[in-house]
Amino acid sequence: MASAGAPGATPLGVRTALTNIGTIVSGDLDRGVIPGEAILIEEGRIARIGESAEVGGWKAEVVLDALGTTVIPGLIDSHVHMVLGDYTPRQKAVDFLDSYVHGGVTTVISAGEGIHAPGRPHDAVAAKALAIAAAKCSAGFRPTGMKVVAGSVVLEPGLTEADFAEMARHGVRLAKVGFGQVQTPFDYEPLVRWAQQHGITVMAHTGGTSLPGSVPITEEHLLKMRPDVCGHANGGTTALTDQGVERLVRESDLVLQIVQAGNLRSALHMLKLAAAHRALSRILIASDTPTGTGLMPMALLKSIAELSSLGGLPAPQTIALATGNVARVYGLADRGTIEVGKAADLVVMDAPFGSAAKMALEAFQIGDIPGISAVLIDGEIRTLRSRNTPMATRLATLADARGDRPGGSTH
């Protein structure tokens, strides 16, 4: 069912067509922009990518006219601090995930529920219980249709290999390094190995401390631990040294996550190094929110604009760092790119009204955040005009199966 209050929401199973698309961004680092003017959605998945002339034969029940604007894959935020449900005790705010959908985010990945849980205990039993409970709760939790990948165990001394096997059986697929009661970060290594052996993706805190009681994690620790993802590798908020970043790029194949809540200078340095060493497939873009930095519904859009305009990376590739790259690293094979058979998690956007840019990709390239005019998750229209982004110059418009505009405004 579509969420209450979602304008233009479409029930699952309805055949939907996006028409008059000006640009389709694949979300794939190598493919970039792909040909096509229309997308057919059936049963929540992309069924065809074709030309406008084909749409009449598709017999779509819902038609969304993109008016020549840009469609990208739904953004995947791989560093979100959830606790339980759509509430963050760190900022005492509710419905922040609903707001992130209005920033084009269709999937969020937990960076450890236990980290911000009030009064969090540090014993192994509690760490395991929190992760299992969060994983099971998130399995049936879809705020405004968003897909929530949660249940991230905070690695604590006392966890055994049997504990990781048990957590994996109960759906725990994530782990977080950096906030356990270890003597030194090197002590995390056996825990990381056990987690990985049981199919759990491990993200490590990177850089200076972010909470009382935690300790800095340097490149030396990371090269020894070998987590799957170096979380906020540009600082959360305190970055590694330039030399530390260079070692991670040059001496390892570790995945490096750039976050909006980190150090922009370090992010640009990392991006330049990754491009020079043909390592962009190892770079992810995330938010690292909600934290002391706050709630940032447009965090990923802002990072894409900054890295494209200041880092010199073409916008289609920068978008891939927040879509296809994330899906590949986290094993989310059903999303992240626009191709037949993938989930229809899509964002329709255009240059913001009043921008010097004429299209969304050009807006990113000059540092402007595009305006979102529609977000679809599993083919359902979850919102039309975003309440958070600037207004798009051209707003995608709903039509009925005959192509006629509905009588009332959809915006």
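The values are calculated or read from the model by the stated rules, or taken from the named source; none is laboratory data. Quick caveat, the model's predicted, so the values are computed rather than measured. So basically every Cβ, Gly included, is an ideal-geometry build from the backbone, and we count neighbours across all protein chains shown.
Before moving on, here are some points about what is shown:
- Within segment 336-351, if we keep just the residues that are part of a strand (DSSP E or B) and of a type in the set (Val, Ile, Thr), the residue that is nearest to Pro227 (Cα to Cα) turns out to be Val347.
- Picking from residues in segment 36-66 that are within 24 Å of the chain's Cα centre (by Cα) and part of a loop (DSSP other than H, G, I, E, B), the one that is nearest to Ala315 (Cα to Cα) is Ala66.
Residue-by-condition table, conditions (1) crowded, with 19+ Cβ neighbours inside 10 Å; (2) without any contact (Cβ under 8 Å) to a residue 60 or more places away in the chain:
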{"residue": "His277", "(1), (2)": "no, yes"}
{"residue": "Leu284", "(1), (2)": "yes, no"}
{"residue": "Gly312", "(1), (2)": "no, yes"}
{"residue": "Tyr330", "(1), (2)": "yes, no"}
{"residue": "Glu339", "(1), (2)": "no, no"}
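- Condition check for Gly27: in the same structural domain as Arg382 (by TED's automatic domain parsing), at positive phi and in contact with a strand residue (DSSP E or B) (Cβ under 7 Å, 6 or more places away or on another chain): yes
- Residue under evaluation Ala356, criteria (1) of a type in the set (A, V, I, L, M, F, W, C); (2) in contact (Cβ under 8 Å) with a residue 24 or more places away in the chain; (3) surrounded by fewer than 19 Cβ atoms within 10 Å (Cβ to Cβ), criterion not met: (2)
- Note on segment 106-210: enclosed helices (runs of 4 or more DSSP H) holding 1 or more residues that are under 30 Å from Val348 (Cβ atoms) and either touching a helix residue (DSSP H, G or I) at 6+ places or on another chain (Cβ under 7 Å) or of a type in the set (A, V, I, L, M) (or both) are 124-139.
- Restricting attention to segment 202-216, the residues being within 14 Å of Val154 (Cβ to Cβ) and at pLDDT 95 or above number 4.
- Number of the exception - Asp404 against (1) at pLDDT 95 or above; (2) more than 24 Å from Val94 (Cα to Cα); (3) outside the structural domain of Gly68 (by TED's automatic domain parsing): (1)
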